[in-house]
1. Of Asp119, Asp10, which has the most accessible area and how do the rest follow, probe 1.4 Å?
2. As a test question: what accessible area, to the nearest 10 Å², does Tyr78 have when a 1.4 Å probe is rolled over all protein chains in place?
3. For a quick check of understanding: with a 1.4 angstrom probe and all protein chains in place, what accessible area in square angstrom does Arg93 have, to the nearest ten?
4. Please arrange Ser205, Ser188 by accessible surface area, largest first, computed with a 1.4 Å probe and ligands excluded.
5. I want to check the label-to-label distance for Tyr9 and Thr154. Put each point 7 Å from Cα in the C-beta direction and report it in nm to one decimal.
6. In nm, to one decimal, how far is the modelled label at Thr179 from the one at Val214, with both set 7 Å along Cα→Cβ?
7. Work from the charge dipole of the chain (Cβ charges, +1 for Lys and Arg, -1 for Asp and Glu, about the Cα centre) and give the residue of Leu171, Met222, His129 farthest towards its positive end.
8. When the Karplus curve 6.51 cos²θ - 1.76 cosθ + 1.60 is applied with θ = phi - 60°, which whole-Hz ³J(HN,Hα) does each residue of the stretch 7-20 get, with x for Gly and Pro?
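The values are calculated or read from the model by the stated rules, or taken from the named source; none is laboratory data. Only a predicted model underlies this, so the values are computations on that prediction, with no experimental measurement involved. A quick note on method: Cβ atoms are made from the backbone with ideal geometry, for glycine too, and the neighbour counts reach across all protein chains shown. Accessible surface is based on the protein model in full, side chains and every heavy atom, while ligands, DNA and RNA are left aside. Shrake-Rupley method; radii C 1.70, N 1.55, O 1.52, S 1.80 Å.
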Amino acid sequence: VQTCALPIYDEGLIYQSHYLVNWDPVTQTALADDEVEYVERQTYLWYLHYGPFVVATTRPETLFGDTAVAVHPSDERYAQWIGKEIAHPLTGRLIPVIADPHVDPQFGTGVVKITPAHDPNDYEMALRHQLPLCNIMTFDGRLNEEADEFAGMTMEEGRAAVAKKLETLGLLLKRDPHTHRVGLSYRSKAVIEPYLSEQWFVKTSEFSKQLHTVVSEGRVEMIPKS
């Protein structure tokens, strides 16, 4: 296998990199997108004081992985803060306020916390704005040392504990019922966690056009047609 793989590795067609994957914390493996089953679950949208803002989030346990907060570029309510830094509500470290068109000004308060290592949309924003990536989870789905006093808790346990901490500090404004689309592992039925992991990838840009050509010209038969 090594002998076969070495030439295409040298050509840059296969490579190893860190990437956000669908992580099953029970089987402790990455899953392809089509191996994730989605269900709707009733959860909460927590509103918390975050520096000069109020931020709405479905996952307060991921606060320790925040490396920015984001607003929409045309949202005049927050224009004065773009490019500035604010203090993280729990750690006190300074993080930037960025402007990105992906932010929905109508969702929550129009301000979102950015947790690049644990959310696909946040990961893409982090790449666009060159934000650091902070992993806060262990292989088995527990908060790691980045979460300070909450380290060792499962993500679900951490959600309740961090929300309680925010409430104690007077930072939790309210929580509203919220229907959330949750991904489950088809193997273990565990909740899938977006997770920054080192994986092997195949660079398809070099030959995807050739594949499209042979299929469109009928030189290969697709079964089934869909």
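1. I get Asp10, Asp119, largest accessible area first.
2. 30 Å²
3. About 80 Å², rounded to the nearest 10.
4. Reading off the accessible areas and sorting them downward yields Ser205, Ser188.
5. 3.8 nm
6. 4.5 nm
7. Leu171
8. x, 6, 5, 4, 7, x, 8, 10, 8, 10, 7, 7, 8, 7
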